[in-house]
Amino acid sequence: MRAVARFLRGNWLRLLAISAVVIAPCLWHPRIEAGDLPSHLYNAWLTHLIKTGQAPGLWLAHRWNNVLFDSVLSGLGSIVGWGAAEKIAVGVAVLIFFWGGFALVCAMTTRAPWFLLPCLAMVAYGWTFEMGFMNFYISIGLAFLGLAILARGRGWERGLAAVLAPLILLAHPLGLILLVTVGAYLILAEQLSPRRHMYLFVASALSLLGMYLFIRVHYSAGGVDWRYGPRFLHDGTDQMLLYGPRYLLVSRLLRGFLWAGLLFDVLGRGRAARWWFPYLLPAELYGLTLLAALLLPTGINGSTFHRMGFFSIGFLAERLTSVTAVLLCCVLGAMKPQKWHLIASAGIAVIFFFFLYRDTAAINRMEAQLERKVEEIPPGSRVVATIVTLPGRVVTRHIIDRVCIGRCFSYDNYEPSTGQFRVRAKPGNPFVMADMQSAEAAQFGDYVIQAGDLPLFEISQCESDITVLCARESVAGDRTPSSLWRDEATARFPGSAKLRLLVDILLGPLILVGVYAGRWLMAWLQRVRLWPDGLTLPSLRKILRRTEVP
């Protein structure tokens with residue numbers, strides 16, 4: 001702890017400046033566009049209405065998980081207003097994740113990895129953030145901080161990780177699972193000599209395999225989604241795949257930086273004794289998360305999750321890659337820092353944030369248009385509006401929820417009907433659908449409007465121009481409008497998924513071959529220049545026989 005205190009005293013000004021830069025994407029538009037975030041904010045407003053007796057038919061459940069971010073939003077919203085509450089709460093969440101990841105990399109590599117700050121910033125605004133999984137996002141950020149304490153703390157200091165556990169659980173149980181499992185691995189690995197780490201690694205891998213077989217057998221009749229297509233390589237760089245195929249460029253540049261940086265660093269260490277030691281523990285943990293993303297299902301619906309207060313848990317493998325990405329930064333942090341590392345990572349980050357700014361600006365423009373449409377309907381009306389603004393892996397259909405705060409009620413909002421959040425709905429209430437199947441059907445255009453749903457207004461993308469919104473009052477017997485399709489969150493990356501996966505898998509080996517071929521060629525040319533007889537056929541044979549890659 002003394003070392004941490006010295007670090008903070010010596011770098012507090014730099015840390016403040018970096019924090020200001022990191023939260024800039026939370027401030028560059030009037031609204032933060034992040035998947036489920038508008039729904040979180042809307043339900044925080046509903047919570048306020050329920051507490052003040054203005055929402056009969058809605059009630060609040062007492063929860064012990066998946067509620068931390070929502071509680072913070074509710075508290076801040078009643079003090080500073082809902083717009084400011086969103087900016088503050090999301091900014092704090094980003095800093096928790098970013099500095100939690102930074103602390104873990106520091107702990108794993110025993111130095112401050114300043115050259116990896118652009119990479120950590122990209123991960124902080126990656127797929128998990130853009131999907132708006134804020135409670136999960138905060139929980140793993142806090143778990144990273146707890147793991148850093150376990151990795152470098154001694155004696156009573158490690159007890160501070162236990163202090164974080166209730167807060168992590170209040171955010172999301174998956175963060176606590178991360179803290180317990182990886183923390184146990186770190187403590188056990190500390191007791192073993194480096195050469196015996198393989199036993200621990202194999203035992204952990206067999207445990208994951210056993211979990212995979214258990215789920216396969218126990219849920220053989222259904223209730224498990226093994227993959228939401230199309231398939232991507234879940235190596236951590238897939239966190240960069242957001243609103244369209246252009247993000248493939250960012251993902252592959254980051255993967256190329258990973259392979260090139262590691263290869264040049266390993267080759268630069270030559271035959272130094274124990275050159276592999278700095279990479280050992282980060283590589284073990286990274287390899288296990290890769291295996292977990294491969295073996296664990298994407299979604300599971302079971303009685304255990306019901307008892308925890310979840311109807312189901314989705315996007316398990318996709319969420320896990322946030323952890324994989326930070327552990328990948330731990331592997332990169334073991335490299336000896338070079339100037340080109342910072343230049344390369346910063347260049348990739350510039351491309352990523354340029355794409356992100358453009359795309360979130362487009363969603364902001366659509367939301368501003370949606371606000372104008374809501375002003376045309378009577379205040380306090382029920383509204384159904386499911387709008388797709390951009391292609392890609394990120395859900396953008398909840399923007400109506402934020403627009404409705406103080407103006408209308410989002411009738412097909414998903415949170416009350418799932419039973420996974422604080423706000424719950426009684427059947428027949430005038431604000432929101434109480435049945436999950438009906439709410440889902442309404443979002444996908446499969447719900448037939450009943451007389452009891454009226455009055456109800458529909459806002460959708462006009463058939464003549466999908467960039468323009470149209471509004472009308474519904475009548476019984478109509479189907480709800482929708483621009484969605486069932487695989488909306490993962491589709492619309494053109495081209496063959498198998499070919500794309502093959503390219504991503506082969507990128508690393510191709511860089512490996514290229515680096516070794518380049519070194520062999522340089523050594524060969526060097527011998528040609530120094531050879532006294534010139535480049536004759538006999539001398540060429542001698543060169544080829546004697547050329548070795550250093």
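Would you work out if the range 90-174 is rounded, prolate or oblate? Take a ≥ b ≥ c from the square roots of the eigenvalues of the alpha-carbon gyration tensor; rounded if a/c is under 1.5, else prolate when a/b is larger than b/c, oblate otherwise.
oblate
For the pair L267 and Y212, how long in nm is the line joining their label points, each one 7 Å along Cα→Cβ?
Placing both labels 7 Å along Cα→Cβ, they lie 3.3 nm apart.
At 0.36 nm per residue, and after removing the present C-alpha to C-alpha distance, how many nm does the segment from R274 to E376 gain when stretched out fully?
Stretched fully, the R274-E376 segment lengthens by 29.7 nm.
How big is the Rg/Rh ratio for the range 361-473, C-alpha atoms only, Rh by Kirkwood, two decimals?
Dividing the radius of gyration by the Kirkwood radius yields 0.94.
Tell me which residues come under 5 Å, amide H to amide H, from N65 once H is placed; ignore anything under 5 positions away on its chain.
none
By count of other Cβ within 10 Å, fewest leading, how are I23, I313, I177 ordered?
Ascending Cβ contact count within 10 Å gives the list I177, I23, I313.
Can you tell me how the range 23-357 classifies by the Cα gyration tensor, rounded, prolate or oblate, using a/c under 1.5 as the rounded cut?
Taking the square roots of the gyration eigenvalues as a ≥ b ≥ c, the range 23-357 is prolate.
Taking the Cα centre of the range 1-89 as origin and charging only Cβ (+1 Lys, Arg; -1 Asp, Glu), how large is the dipole, in debye to the nearest 20? Don't jump to the answer; show the numbers that get you there.
Details: 8 positive and 4 negative charges, 113 e Å.
Dipole magnitude for the range 1-89 comes out near 540 debye.
Just order 324-334, 362-372 by mean Cβ neighbour count inside 10 Å, highest at the front, would you?
Values: 324-334: 25.5, 362-372: 16.8.
The peptides rank, most packed first, as 324-334, 362-372.
Based on other C-beta atoms within 10 Å, arrange H341, H197 from fewest to most.
H197, H341
Could you check the spin-label model distance between A203 and K426? Points 7 Å from the Cα along Cα→Cβ, value in nm.
Result: 5.4 nm between the two label points.
None of the figures in this text is laboratory data; all of them are computed from the coordinates on show. Just so it is clear, the structure is predicted and the values come from calculations on it, not from any experiment. When we count neighbours, we look across all protein chains shown, and the Cβ atoms used for this are built from the backbone with ideal geometry, even at glycine.
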